Amino acid sequence: MEWIIVALLAALFTSLTTILSKIGIKDVNSNFATGYRTLIVVFCSLIICLIKGSLSSFPSLNTFNWIFLILSGIVTGLSWLCYYKALKLGDVNKVVPIDKSSFILSSILFVIFFFDDTTNSGDPLTISMLVVSIILIGLGTFLMIEKKQGGQEISKTWLLYAILSSVFAALVSFFIKLGLKNIDSSLGTLIRTIIVFIFASAIVLIKKDYKDVTRISPKSWIFLTLSGLSTGGVWLCEYEALNMVNSNPIAVNSIGKFSILLTMLFSLIILKEKFTKKAIFGLVLLLLGITVITIFSL
C-alpha cells in the first residue's frame, strides 16, 4: 500500500522537525520561530503545487473545502505556538509524548465521522484493538511525564502548553481530512500553510516578537530553515497519505506517531537528554499501542 510508505516518510520528517526546531529555537523567540518556519513551508508547498500543476484546480474549491482548510490552518497555528513554547520550556523527551497523545482525541473524532473507513465497517476486533491501543498510549504517555531528580516537581508551564498543543493537533488531522475532500493534497497544504503564516505573523506583530531578530545567530537561522523544510515534508507526505484512495485516517495518523521513537533517539544522542527506566517502559507501551492500532486498522 503506497499510502503506508508516504505516512512513514511523514514520521521521519516529523522526528527531524522536532530536533531541528529544539536546536533552532534555543535563543530565539518561539512565536517568531513559528512564523519564520511557516514561511519556509509556504515556499515548499508553492513549489510542489507549481511542479504538479495543482494551482489550476484552485477555482474548484467549494465552501466546504474553504471552511475546513481555514479551520485546520487556525488550529495548526495554535498548536505550533503551544508546541514550540513547550519545547523552549521543557525537555524534548517530556513534551513529545504529550503532543503525540493527540492521537487519542483524533482517533475518537475519526471513528465518529469516518466509522466505516476506520473500523473496517464496524469490525468488533478492530474496535476492541482501538480501545486497547488508546489505553496503552494514554498509560505510556503518563509514565513518560517525569519528575526531576531529587523529587523536585517540574515546572507546570511547559505541561500546560504541551497539553494545549496536543488538543489542537488532534483537531488539525480531522479538519484537514475534511478540507481535502475532492481536491489535490498539495493545493490544500498550500492554502492551509498560508492561513497558518497569516495567523503566526499576526501574533508576532501584535507582541512585537521581531525586535531581537538581529541577534539571532547564523546557527539558529540554519536550523530554523532546515526545520521549516522538514515541516514541509511532513505536511506534504501526511496529507497526501490522508487523501489517497482506501487509506485509513487512523492508520495514517498512528503511523505518523512512530516518529516518537526516532525523536527520542535523536534527543538522547544529539541533545544528551536522559531517560529513566519508567520513561523507557512508558515509551514501550506507547509504541505498542501505536503498533496495535496500525496493524488492526489496515
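Would a scan of the stretch 95-109 turn up a residue that is modelled with pLDDT under 85 and farther than 30 Å from I194 by Cβ?
yes
Return yes or no: is S201 closer than 16 Å to I70 by Cα and at pLDDT 85 or above?
On the way: closer than 16 Å to I70 by Cα: yes; at pLDDT 85 or above: yes.
For S201, the condition - closer than 16 Å to I70 by Cα and at pLDDT 85 or above - is met.
Residue check: is L205 more than 18 Å from L87 (Cβ to Cβ), under 13 Å from the mean Cα position of the chain (by Cα), open to solvent by 20 Å² or more (accessible area, probe 1.4 Å) and aliphatic (A, V, I, L, M)?
So L205 does not fit the description; no.
Just give me the residues in the stretch 142-162 being surrounded by fewer than 17 Cβ atoms within 10 Å (Cβ to Cβ), closer than 18 Å to L283 by Cα and at pLDDT 75 or above, in sequence order.
The one that is surrounded by fewer than 17 Cβ atoms within 10 Å (Cβ to Cβ), closer than 18 Å to L283 by Cα and at pLDDT 75 or above: F142.
Which of (1) modelled with pLDDT under 80; (2) open to solvent by less than 60 Å² (accessible area, probe 1.4 Å) is the odd one out, the single condition N120 does not satisfy?
Unmet condition: (2).
Let me confirm something: among G228, G232, which residue is modelled with pLDDT of 80 or more, in contact with a Leu (Cβ under 9 Å, 6 or more places away or on another chain) and more than 22 Å from D117 (Cα to Cα)? Steps first, answer last, please.
Numbers: G232 fails: in contact with a Leu (Cβ under 9 Å, 6 or more places away or on another chain).
Within the list G228, G232, the selection yields G228.
Determine which member of the set N65, N31 is part of a helix (DSSP H, G or I), open to solvent by less than 10 Å² (accessible area, probe 1.4 Å) and more than 18 Å from C237 (Cα to Cα).
N65
What helices (runs of 4 or more DSSP H) completely inside the stretch 209-298 contain at least 3 residues that are open to solvent by 50 Å² or more (accessible area, probe 1.4 Å) and closer than 30 Å to N29 by Cβ?
218-243, 259-269
The values are calculated or read from the model by the stated rules, or taken from the named source; none is laboratory data. Here the structure is a predicted model, which is why all the values come from computation and not from measurement. Methodologically, a virtual Cβ is constructed for each residue, glycine included, from the backbone with ideal geometry; neighbour enumeration extends over all protein chains shown. Areas reflect the complete protein model, heavy atoms only, side chains present, ligands, DNA and RNA absent. Shrake-Rupley method; radii C 1.70, N 1.55, O 1.52, S 1.80 Å.
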